[in-house]
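Accompanying notes for the structure given below.
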Amino acid sequence: MWYILFFRIFLVFGFLLAVWKWGDWKNRENYYSTVLFIMVINLGASFLTYHHILWNYQPDALVKTQTTVELINSYVILPSATFIYLSNFPFNRKGRSNGYIALWILLFSSLELIDNVIGGMSYKNNWSWFCSSILDFAMFPIIRLHYESPLRAWIICLLITIIVLIVFDFSSAEMK
């Protein structure tokens, strides 16, 4: 249980230190709407999956509930990652941007795999690490898309949400 807590503390402080060091604070207003977008998407996903969870977070010595982990993800991890991601995105270099996106997909997929291996989280309702990795493949390009074309990003997220709700057998009775 303590190693789960240490991993979560490492993630929170790691992302906070990284955003302090690598965030483009002078231009933070440019990224603000996309940071809010990723927060709303994660909170919306948490709401929709409340009774039909896909990720099951285990309690640790400090964090006792699934909701607390979701709030940490929504208010610390994802906003920090989004801000760093956009602050350093190589917008004018096509080859470099694909590699940059791949690096972030690898980072997030690896962190989730570590969390799963140490017992900090597990999967439910036919979700898997592979499904999360596919979601990461969508998430990082969508973050960039939202920065440039918010409406298109919202439409794509709506379509992905519908697909996930259908494929993973959500019923309206299970939704909060």
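Computed values, structure above
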{"item": "Condition met for residue 70 (among the acidic types (Asp, Glu), part of a helix (DSSP H, G or I) and within 21 Å of residue 87 (Cβ to Cβ))", "result": "no"}
{"item": "Qualifying residue in the range 41-60 (condition: surrounded by fewer than 16 Cβ atoms within 10 Å (Cβ to Cβ), hydroxyl-bearing (Ser, Thr, Tyr) and either closer than 21 Å to residue 18 by Cβ or without any contact (Cβ under 8 Å) to a residue 24 or more places away in the chain (or both))", "result": "no"}
{"item": "The range 71-99, subset under 30 Å from residue 166 (Cβ atoms) and open to solvent by 30 Å² or more (accessible area, probe 1.4 Å), residue nearest to the chain's Cα centre (by Cα)", "result": "73"}
{"item": "Qualifying residue in the range 153-176 (condition: acidic (Asp, Glu) and either surrounded by 18 or more Cβ atoms within 10 Å (Cβ to Cβ) or more than 17 Å from residue 55 (Cα to Cα) (or both))", "result": "no"}
{"item": "Set 61, 45: member being in a helix (DSSP H, G or I) and modelled with pLDDT under 95", "result": "45"}
{"item": "Restricting the range 10-29 to residues that are open to solvent by 60 Å² or more (accessible area, probe 1.4 Å) and touching a residue at least 12 places away in the same chain (Cβ under 8 Å), the residue that is farthest from the chain's Cα centre (by Cα)", "result": "27"}
{"item": "Complete set of residues in the range 73-94 that are in a helix (DSSP H, G or I) and either farther than 18 Å from residue 142 by Cβ or without any contact (Cβ under 8 Å) to a residue 24 or more places away in the chain (or both)", "result": "75, 76, 94"}
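The values are calculated or read from the model by the stated rules, or taken from the named source; none is laboratory data. Keep in mind the model is a prediction, meaning the values are calculated, not measured. Don't worry about glycine lacking a Cβ; one is built from the backbone with ideal geometry, like all the others, and counts go over all protein chains shown. Calculation scope for accessible area: heavy atoms of the full protein, side chains included, ligands and nucleic acids excluded. Shrake-Rupley method; radii C 1.70, N 1.55, O 1.52, S 1.80 Å.
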